[in-house]
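The values are calculated or read from the model by the stated rules, or taken from the named source; none is laboratory data. What you are looking at is a predicted structure, and each value in this text was computed from that prediction instead of being measured. FYI the Cβ positions are ideal-geometry reconstructions off the backbone, even for glycines, and counts take in every protein chain you see. Keep in mind that these areas ignore ligands, DNA and RNA; they rest on the heavy atoms of the full protein, side chains included. Shrake-Rupley method; radii C 1.70, N 1.55, O 1.52, S 1.80 Å.
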Amino acid sequence: MSKKFDIPVSAKIILKFYLVFVLISFLYRLGLMCFHLDEIADVGFWTVAKAYLVGLHFDTATACYFLAIPIIIFTLFDFIGKKNVVFEKIMTVVMTVFLVVTTFACVSDIPYYNQFADHINLTSLDWFKGENGFSDVMKMIFGDPSLWLFLIPLVILIAGIYIVSKRIVRRTSGWQPKNYLTKAVSTAVLLVLCFFGMRGYVTRERPMGVYDAFYCENSLLNQLGQNPTYTFISSYLTDVTLMDDELAVANMRKFLDIQDVEEFENPLSRRFVADSLPNNYNVVLIIMESMSADLLERNGHNQGLTPFLDSLINQSLYFENCFSAGKHTISGIFSSICSFANTFQDDPTYQLNPVKSEPVLTYNNLPKTLKDNGYQTFFFVPHEATWEKLDVFLLKNGIDKIYSSIDYYGATECSNWGVNDDYLLQYGANALDEFTDKPFFATLLTVSNHQPYVIPKKFKRRSDNDREAIVQFADYALQNFFERASKSTWYDNTVFVLVGDHGKDYVKSYTPPVSYFHIPLVFYCPSLLKPEVNPNFASQVDIYPTLMDILNVSFVNNTMGVNLLQEKRPMVFSSGDTEYCVFDDDWYFIGSKNKPSQLFHYQDFDMKNYAEEKPEVVERMKTYGESNFQSFNYIYKKRLQDVE
């Protein structure tokens, strides 16, 4: 009679926790897909199903990383073969924490992906930094009813996870001090499977990585297979050095056509000499929240969301191919006034955010240069000045006074992010009336077009869709501002610059979507600038040097920005959270250290990845993008950002 084979209790427990983890990941994947069904409407069933198989691969790898140590602990106790209440309680808590962490990553990843078209990564932790970081995150979560949809099931899941973990640890039978050979073999098998599970492959020399999730031409499905816990950890471990510093700087000098006419300490410095005396025009820079160029009527949006902005563009110098340097508001602020883009630091523990980095550095930037030329400088934020440590950065970089929530007495119908656009812009126009004794530079940061949307009752909305109505309100606020400003004595001698902080995923196609970077850039000053639609590429980093030409201010440009009135970019670059993007007339290139290169013919929304067919295009655009980011990395490390 054959002897019955008993599966060791340690193996039973590990297997049960693995299955629970896989179930949670499956539910996450299903939930994420439900929010984006329109993106896979024309995709076949088996192509979609493969995303779940790829997901199982990543889920297994993630689970193996977490379960490696519990395998050893449970096995040791299995050999002892005696129940221990203290041990059970400790391991119940340990396994509950493991499942809660992964569940939290899954639940939080869905709204994050819906907003940024990317999975959670180290950039997400930036929100928790600073004096009010944690409170800002809590306000964002609890103040947005749409996020309650994720909080409620999260609380239920956490309670359920504890109950399930307790049952698995305490009710799995078979604890007994015998069958040591079986237990030894079982442990060896588990550890071998765990090792290859972490690698992802048995025979392939290179272990699995995020790049293995890309199997088709549908961007959503390529993202769907990824496990949010895996991608987060991967963003921490990835070496983010893109290329050699000296090579990057040499490339940038060629791209910027820098001649060795004058010796500077900063290798990117070049002198601009105005052909006449400064005109001392005021400058009003309006950084518009989530204002994608794809919302404009001229770019095919037929809902009439921005009638005023469309009409203003017809009277302005407009750059129709402007792209944001990043995908977050703080990136848009930094790039617009300092003419550098966020990039990656050699330390892989976080993405370099120059505004919040320690120590906070001083840059040769727009407000500082104007201040040196006799300007008053102001910055109007809709919320607390301490948001993202912005106050420390601005006051150290040429801003005389910051207007913030403490100044807006009596403001009503505010969102979690601050006062609405109409209030902020009207307040700004009124405040600037008091500073007409000498020229001023003022930046106004709007926020209404950021979830959760709060649409003032006085506004007569023309759409039942909140995403559309809030854009209409933002446009209405701009119109009111210009009507109010036109009554001021400073209006006629002011250069108005309007730019998006970043775009939004209004046109979903690639990941990241082109609409998240494509933004309007408007220079309005009838007395100085003729109406023109300029088709050349532009970036937020070009605002500073272009304004210096408009204002006839001589300066040394030690940034990555170019004078759009005299220079032409061959391409333009943008920074995602875990990738960098480069655009030219025909191609959209997405590069990363841990994902495969992607190359799309974006003008006609072609979803085919041409990276393998067009290696020469990939190399050209890759060199341009990496040189830009690595050069700033070099300048930052060498502290050359404020020297000539």
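One line per residue, one yes/no per condition, for (1) open to solvent by 10 Å² or more (accessible area, probe 1.4 Å); (2) assigned to a helix (DSSP H, G or I); (3) closer than 28 Å to LYS504 by Cβ:
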site	(1), (2), (3)
VAL43	yes, no, yes
THR47	yes, yes, yes
VAL93	yes, yes, no
PHE98	yes, yes, no
ASN114	yes, yes, yes
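For (1) more than 18 Å from the chain's Cα centre (by Cα); (2) surrounded by 16 or more Cβ atoms within 10 Å (Cβ to Cβ); (3) modelled with pLDDT of 80 or more, each residue gets a yes or a no:
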{"position": "MET198", "(1), (2), (3)": "yes, yes, yes"}
{"position": "ARG206", "(1), (2), (3)": "yes, no, no"}
{"position": "TYR211", "(1), (2), (3)": "yes, no, no"}
{"position": "LEU224", "(1), (2), (3)": "yes, yes, yes"}
{"position": "PRO228", "(1), (2), (3)": "no, yes, yes"}
{"position": "THR231", "(1), (2), (3)": "no, yes, yes"}
{"position": "TYR236", "(1), (2), (3)": "no, no, no"}
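Sort through MET252, MET208, MET198 and tell me the only one that's over 30 Å from ARG569 (Cα atoms), touching a residue at least 40 places away in the same chain (Cβ under 8 Å), assigned to a helix (DSSP H, G or I) and of a type in the set (A, V, I, L, M).
Working: MET252 fails: over 30 Å from ARG569 (Cα atoms); MET208 fails: assigned to a helix (DSSP H, G or I).
When all the criteria are applied, what remains is MET198.
Report, by residue number, each residue of region 301-323 that is in a loop (DSSP other than H, G, I, E, B) and either under 17 Å from ARG467 (Cβ atoms) or in contact with an Asp or Glu (Cβ under 7 Å, 6 or more places away or on another chain) (or both).
Passing the criteria: HIS301, ASN302, GLN303, GLY304, LEU305, THR306.
Tell me, which residue of region 554-590 that is touching a residue at least 60 places away in the same chain (Cβ under 8 Å), touching a helix residue (DSSP H, G or I) at 6+ places or on another chain (Cβ under 6 Å) and not aromatic (Phe, Trp, Tyr) is surrounded by the fewest Cβ atoms within 10 Å (Cβ to Cβ)?
Out of the qualifying residues, it is ASN563.
Among (1) open to solvent by 10 Å² or more (accessible area, probe 1.4 Å); (2) closer than 30 Å to ASN114 by Cα; (3) at pLDDT 95 or above; (4) small (Gly, Ala, Ser), which single condition is ALA538 missing?
(1)
Yes or no: LEU394 open to solvent by less than 10 Å² (accessible area, probe 1.4 Å), out of contact with any Asp or Glu (no Cβ under 8 Å at 6 or more places or on another chain) and without any contact (Cβ under 8 Å) to a residue 40 or more places away in the chain? Outline the logic, then answer.
Working: open to solvent by less than 10 Å² (accessible area, probe 1.4 Å): yes; out of contact with any Asp or Glu (no Cβ under 8 Å at 6 or more places or on another chain): yes; without any contact (Cβ under 8 Å) to a residue 40 or more places away in the chain: yes.
For LEU394, the condition - open to solvent by less than 10 Å² (accessible area, probe 1.4 Å), out of contact with any Asp or Glu (no Cβ under 8 Å at 6 or more places or on another chain) and without any contact (Cβ under 8 Å) to a residue 40 or more places away in the chain - is met.
Out of curiosity, is ILE13 modelled with pLDDT under 90, open to solvent by 80 Å² or more (accessible area, probe 1.4 Å) and closer than 25 Å to VAL94 by Cβ?
Working: modelled with pLDDT under 90: yes; open to solvent by 80 Å² or more (accessible area, probe 1.4 Å): no; closer than 25 Å to VAL94 by Cβ: yes.
Answer is no for this residue.
Looking for whichever is over 25 Å from PHE496 (Cβ atoms), free of Cβ contacts under 8 Å to residues at least 24 places away in the same chain, open to solvent by 20 Å² or more (accessible area, probe 1.4 Å) and not charged (D, E, K, R) here; the options are ASN465, ASN416. Which one fits? Walk me through how you get there before you give the answer.
Details: ASN416 fails: free of Cβ contacts under 8 Å to residues at least 24 places away in the same chain.
After applying the criteria, what remains is ASN465.
When the residues of region 73-91 are narrowed to those that are of a type in the set (A, V, I, L, M) and in contact (Cβ under 8 Å) with a residue 24 or more places away in the chain, which ends up surrounded by the fewest Cβ atoms within 10 Å (Cβ to Cβ)?
Residues of region 73-91 that are of a type in the set (A, V, I, L, M), as a first pass: 73, 76, 80, 85-86, 90-91.
Narrowing further to those that are in contact (Cβ under 8 Å) with a residue 24 or more places away in the chain: 80, 91.
Details: ILE80: 11, MET91: 21.
Top of the filtered list is ILE80.
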